[in-house]
Structures are given as C-alpha cells and as structure tokens.
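Visitor: Have a look at this one before I ask anything.
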C-alpha cells in the first residue's frame with residue numbers, strides 16, 4: 001500500500017457529504033427507502049366503504065341509477081363538506097350516515113367529539 005492509497009476498510013465507505021446526499025435520495029446500496037406519505041388510517045377507509053355501500057344500496061332501493069356513483073366522488077363530497085361541518089359544530093370529527101328523504105338517498109352528518 002502506497003502513501004496515496006486509502007487503507008482497505010473491508011468494503012466500508014467513510015461517511016461523508018456525498019454518501020449523505022446519495023442516502024437522502026434513496027440511491028446506492030443499503031440506502032434508506034424513499035419517504036412515502038403516510039397512508040390514511042384503515043378506520044377511515046372502512047368508514048368510507050360502509051357509507052359507500054349504504055349509499056349504493058339506498059339508491060338501488062329507490063330505483064335510482066348507480067352508474068355515475070364512485071367511491072372517489074363520494075369521498076370528494078365528504079371531504080369537501082367535513083371541514084365546514086367541523087367548524088359549524090365545533091367537533092373533532094364528523095360521521096356520515098345515509099338516509100332516504102323524499103324518495104332519494106342523502107348523507108347526513110353526525111358530529112363526534114371523541
């Protein structure tokens with residue numbers, strides 16, 4: 001080994017700025033996986049699925065078409081209304097239930113404080 005050759009460290013790479021940059025980008029062997037956004041809690045998914053199923057069943061019971069009803073549209077409608085309802089009722093969360101009024105299904109909000 002000459003004066004200008006680094007000592008063999010058994011495959012170790014000394015920590016340095018380049019290694020830190022590569023690790024933060026998820027590059028290189030043994031680097032940390034890229035950070036992913038947290039998945040929504042399963043309870044919320046289950047709640048949405050329950051409301052969606054009830055809404056579809058209610059529409060079928062009222063002889064209304066279900067072709068244009070999707071989970072995404074229902075979730076969008078709920079998420080659009082939720083913040084305003086939470087402010088209005090000064091609650092921590094809002095549950096939705098399906099009711100049939102005037103021969104049509106609709107969503108009713110139930111404020112939750114727990």
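Visitor: Go through region 69-81 and give me each residue that's surrounded by 14 or more Cβ atoms within 10 Å (Cβ to Cβ) and touching a residue at least 24 places away in the same chain (Cβ under 8 Å). Reasoning before the result, please.
Guide: Going residue by residue through region 69-81, those that are surrounded by 14 or more Cβ atoms within 10 Å (Cβ to Cβ) are 69, 71, 74-75, 78, 81.
Of everything in region 69-81, those that are surrounded by 14 or more Cβ atoms within 10 Å (Cβ to Cβ) and touching a residue at least 24 places away in the same chain (Cβ under 8 Å) turn out to be 74, 75, 78, 81.
Visitor: With the condition kept exactly as written, say whether any residue in region 45-66 is at pLDDT 90 or above and assigned to a strand (DSSP E or B).
Guide: no
Visitor: Using beta carbons and a limit of 8 Å, which pairs, at least six apart or on different chains, have the first residue in region 56-67 and without any contact (Cβ under 8 Å) to a residue 60 or more places away in the chain and on the phi < 0 side of the Ramachandran plot and the second one surrounded by 13 or more Cβ atoms within 10 Å (Cβ to Cβ) and in a loop (DSSP other than H, G, I, E, B)?
Guide: 56/69; 59/69
The values are calculated or read from the model by the stated rules, or taken from the named source; none is laboratory data. Bear in mind that the values here come from a model prediction, so they are computed numbers and not experimental data. We place every Cβ from the backbone using ideal geometry, glycine too, and count neighbours over all the protein chains shown.
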